[in-house]
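**Student:** Encoded as structure tokens, here's the structure I'll be asking about.
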Amino acid sequence: AALGLRRALGAPAEPAGEAEAFAAAADPAVLGDWLAGLLTLAREEVLRPAPKGEQSLLDTLDGVVTTMTDDVFLHALPALRQAFAFFPPRERERVAHLLLDRRNLHGSARTLLRTSADPLLLARAAALEEHTDLLLDRHALGAPR
């Protein structure tokens with residue numbers, strides 16, 4: 001919440017300090033509460049692109065999430081979903097659009113928000129597939145790559 005308040009009051013970004021704060025909150029046990037505090041006070045700042053030469057809050061959060069291991073991400077996913085549920089649908093679409101832009105990808109942000117399956121189930125399936133591949137490789141039973 002303090003980081004959100006700081007940004008909401010117009011303080012300039014401090015990438016190293018903010019990345020450190022996000023990294024400390026990356027523990028799945030505290031991530032949801034930490035993000036809820038941030039998003040309560042800095043919802044508009046998350047949706048706003050950063051001024052030239054600065055990093056947005058969404059950029060910082062995305063950087064932390066992309067460095068999570070698959071296992072940590074799987075544990076953090078419910079908290080991430082709960083925190084971003086704070087946004088109304090139009091703002092969630094804006095977040096998806098900003099993330100697509102961040103990666104220089106083209107596509108429908110709306111499509112990213114609509115899946116035919118539960119995202120937790122999809123993440124668990126991906127983790128199971130990865131674990132299975134590791135076991136097959138360990139026992140030399142996998143297909144040559």
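**Student:** Need pairs with beta-carbon distance below 8 Å; first residue part of a loop (DSSP other than H, G, I, E, B) and within region 115-126, second at pLDDT 75 or above; sequence gap 6+ or separate chains.
**Tutor:** THR115/LEU122
**Student:** Determine which member of the set LEU105, LEU112 is assigned to a helix (DSSP H, G or I) and of a type in the set (A, V, I, L, M). First the steps, then the outcome.
**Tutor:** Working: LEU105 fails: assigned to a helix (DSSP H, G or I).
Only one candidate qualifies: LEU112.
**Student:** Select, from VAL95, VAL46, VAL65, the only residue that is under 17 Å from ALA123 (Cα atoms), of a type outside the set (S, T, N, Q), assigned by the TED database to the domain that holds GLU14 and surrounded by 15 or more Cβ atoms within 10 Å (Cβ to Cβ). Before you say what the answer is, go through the steps one by one.
**Tutor:** Details: VAL95 fails: under 17 Å from ALA123 (Cα atoms); VAL46 fails: under 17 Å from ALA123 (Cα atoms).
Criteria check complete, one pass: VAL65.
**Student:** From the list PRO88, PRO78, PRO51, which residue is loosely packed, with under 13 Cβ neighbours inside 10 Å, out of contact with any His (no Cβ under 6 Å at 6 or more places or on another chain) and modelled with pLDDT of 80 or more? Break it down into steps so the answer makes sense when it comes.
**Tutor:** Working: PRO78 fails: loosely packed, with under 13 Cβ neighbours inside 10 Å; PRO51 fails: modelled with pLDDT of 80 or more.
So the residue among PRO88, PRO78, PRO51 that is loosely packed, with under 13 Cβ neighbours inside 10 Å, out of contact with any His (no Cβ under 6 Å at 6 or more places or on another chain) and modelled with pLDDT of 80 or more is PRO88.
**Student:** Still on this structure: Looking at the structure I just gave you, is ARG110 out of contact with any helix residue (DSSP H, G or I) (no Cβ under 8 Å at 6 or more places or on another chain) and either more than 21 Å from GLY63 (Cβ to Cβ) or loosely packed, with under 13 Cβ neighbours inside 10 Å (or both)?
**Tutor:** Here the answer is no, as ARG110 does not meet what is asked.
**Student:** Let me ask something additional. Testing ALA29 on (1) surrounded by fewer than 16 Cβ atoms within 10 Å (Cβ to Cβ); (2) modelled with pLDDT of 85 or more; (3) among the hydrophobic types (A, V, I, L, M, F, W, C), one condition comes back false. Which one is that?
**Tutor:** (2)
**Student:** Taking region 70-90 on its own, how many of its residues are over 13 Å from ALA127 (Cα atoms) and in a helix (DSSP H, G or I)?
**Tutor:** Applying the first criterion (over 13 Å from ALA127 (Cα atoms)) to region 70-90 yields 76, 78-90.
So of that shortlist, the ones also in a helix (DSSP H, G or I) come out as 76, 78-84, 89-90.
Here the count works out to 10.
**Student:** Could you tell me how many of the residues in region 16-26 are under 13 Å from the mean Cα position of the chain (by Cα) and surrounded by fewer than 17 Cβ atoms within 10 Å (Cβ to Cβ)?
**Tutor:** Counting residues in region 16-26 that are under 13 Å from the mean Cα position of the chain (by Cα) and surrounded by fewer than 17 Cβ atoms within 10 Å (Cβ to Cβ) gives 1.
**Student:** Do any helices (runs of 4 or more DSSP H) lying entirely in region 1-69 carry at least 2 residues that are without any contact (Cβ under 8 Å) to a residue 60 or more places away in the chain, β-branched (Val, Ile, Thr) and closer than 20 Å to ALA85 by Cα, and which ones are they?
**Tutor:** Working: elements: 2-8, 15-24, 28-47, 57-66.
Helices (runs of 4 or more DSSP H) meeting the threshold: 28-47, 57-66.
The values are calculated or read from the model by the stated rules, or taken from the named source; none is laboratory data. Please read all numbers here as calculations on a predicted model, not as lab measurements. Methodologically, a virtual Cβ is constructed for each residue, glycine included, from the backbone with ideal geometry; neighbour enumeration extends over all protein chains shown.
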